[in-house]
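Peer 1: Just passing along the structure, written as structure tokens.
The values are calculated or read from the model by the stated rules, or taken from the named source; none is laboratory data. Predicted, not measured: the structure shown is a model, and the values here were computed from it. Ideal geometry is used to build each Cβ from the backbone, glycine not excepted, and the neighbour counts take in all protein chains shown.
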Amino acid sequence: MTEINNLFFRVRENGAAVYRVDSENRQRRLEMQQIAVANIRSGDVKPHGEQVPTASERNAIDAWIVERRKMLEERRIDDLKRTTDHLNLSAQWVQTKATDEQINQFADELLMAMHDLRSVIVRRKADALMKR
């Protein structure tokens, strides 16, 4: 098993708990020993207890953090594209099929969220134009 393949990352909200996986024991069972906690926002890697990641494990953890950040950013963009699709589908549903009672169940909350989003986007685009 290579150094990078002997790590398991249990994903958490802000990163992961990192485990060293060992299958080279007498029972031939997989054993997992937590060695660190990785924070994807700050990039911090904190050893867990008495365990200290080796240099190659630390490199693998750092590479995982880079890849995880990239994947999460791609997901954010995909989520926003899906949101646009959902808004278009919602508009079509409201126009063609929604009852007045159904519209009353969500209209105020959705209108406020859309207004907030529009305000933020307009402000950010204006800021970007002013910087040019």
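Peer 1: If you check every pair at least six apart or on different chains, which have Cβ atoms under 9 Å apart with a residue in segment 80-92 that is in the same structural domain as residue 113 (by TED's automatic domain parsing) and under 15 Å from residue 113 (Cα atoms) first and a residue that is exposed (fewer than 11 other Cβ atoms within 10 Å of the Cβ) and at pLDDT below 95 second?
Peer 2: From segment 80-92, no pairs qualify.
Peer 1: Yes or no: residue 23 without any contact (Cβ under 8 Å) to a residue 24 or more places away in the chain and touching a helix residue (DSSP H, G or I) at 6+ places or on another chain (Cβ under 9 Å)? Steps first, answer last, please.
Peer 2: On the way: without any contact (Cβ under 8 Å) to a residue 24 or more places away in the chain: yes; touching a helix residue (DSSP H, G or I) at 6+ places or on another chain (Cβ under 9 Å): yes.
So residue 23 fits the description; yes.
Peer 1: Determine which single condition residue 73 fails, assuming it passes every other condition in (1) surrounded by 11 or more Cβ atoms within 10 Å (Cβ to Cβ); (2) under 25 Å from the mean Cα position of the chain (by Cα).
Peer 2: Single failed check for residue 73: (1).
Peer 1: Another question about this same structure. Return the residues of segment 93-107 that are exposed (fewer than 10 other Cβ atoms within 10 Å of the Cβ) and part of a helix (DSSP H, G or I); say none if nothing qualifies.
Peer 2: Step one: list which residues in segment 93-107 are exposed (fewer than 10 other Cβ atoms within 10 Å of the Cβ), which gives 95-97, 99-101.
If the condition is that a residue be exposed (fewer than 10 other Cβ atoms within 10 Å of the Cβ) and part of a helix (DSSP H, G or I), then 95, 96, 100, 101 are the ones that fit.
Peer 1: Residues in segment 50-72: is at least one in a helix (DSSP H, G or I), hydroxyl-bearing (Ser, Thr, Tyr) and touching a residue at least 40 places away in the same chain (Cβ under 8 Å)? Show your work before the answer.
Peer 2: First pass over segment 50-72, keeping only residues in a helix (DSSP H, G or I): 55-72.
Next cut, hydroxyl-bearing (Ser, Thr, Tyr) only: 56.
From the residues that got through so far, the ones that are touching a residue at least 40 places away in the same chain (Cβ under 8 Å) too are 56.
Yes, that holds for at least one residue.
Peer 1: Could you list, in sequence order, the residues of segment 26-51 that are over 11 Å from residue 6 (Cβ atoms), in contact with a helix residue (DSSP H, G or I) (Cβ under 9 Å, 6 or more places away or on another chain) and of a type in the set (Val, Ile, Thr)?
Peer 2: Those that are over 11 Å from residue 6 (Cβ atoms), in contact with a helix residue (DSSP H, G or I) (Cβ under 9 Å, 6 or more places away or on another chain) and of a type in the set (Val, Ile, Thr): 40, 45.
Peer 1: Take the conditions under 30 Å from residue 20 (Cα atoms) and among the small types (Gly, Ala, Ser) and apply them to residue 60. Does it pass? So that I can check it myself, show each step before the final result.
Peer 2: Values: under 30 Å from residue 20 (Cα atoms): yes; among the small types (Gly, Ala, Ser): yes.
Answer is yes for this residue.
Peer 1: Would you check if residue 36 is in contact (Cβ under 8 Å) with a residue 24 or more places away in the chain, in a strand (DSSP E or B) and either at negative phi or surrounded by 11 or more Cβ atoms within 10 Å (Cβ to Cβ) (or both)? Walk me through how you get there before you give the answer.
Peer 2: Details: in contact (Cβ under 8 Å) with a residue 24 or more places away in the chain: yes; in a strand (DSSP E or B): yes; either at negative phi or surrounded by 11 or more Cβ atoms within 10 Å (Cβ to Cβ) (or both): yes.
Answer is yes for this residue.
Peer 1: Scan segment 5-48 residue by residue and report those that are among the β-branched types (Val, Ile, Thr), more than 14 Å from the chain's Cα centre (by Cα) and modelled with pLDDT of 95 or more. Before the answer, list the steps.
Peer 2: Initial filter on segment 5-48 (among the β-branched types (Val, Ile, Thr)): 11, 18, 21, 35, 37, 40, 45.
Imposing the further condition that a residue be more than 14 Å from the chain's Cα centre (by Cα) reduces the set to 18, 21, 35, 37, 45.
If the condition is that a residue be among the β-branched types (Val, Ile, Thr), more than 14 Å from the chain's Cα centre (by Cα) and modelled with pLDDT of 95 or more, then 18, 35, 37, 45 are the ones that fit.
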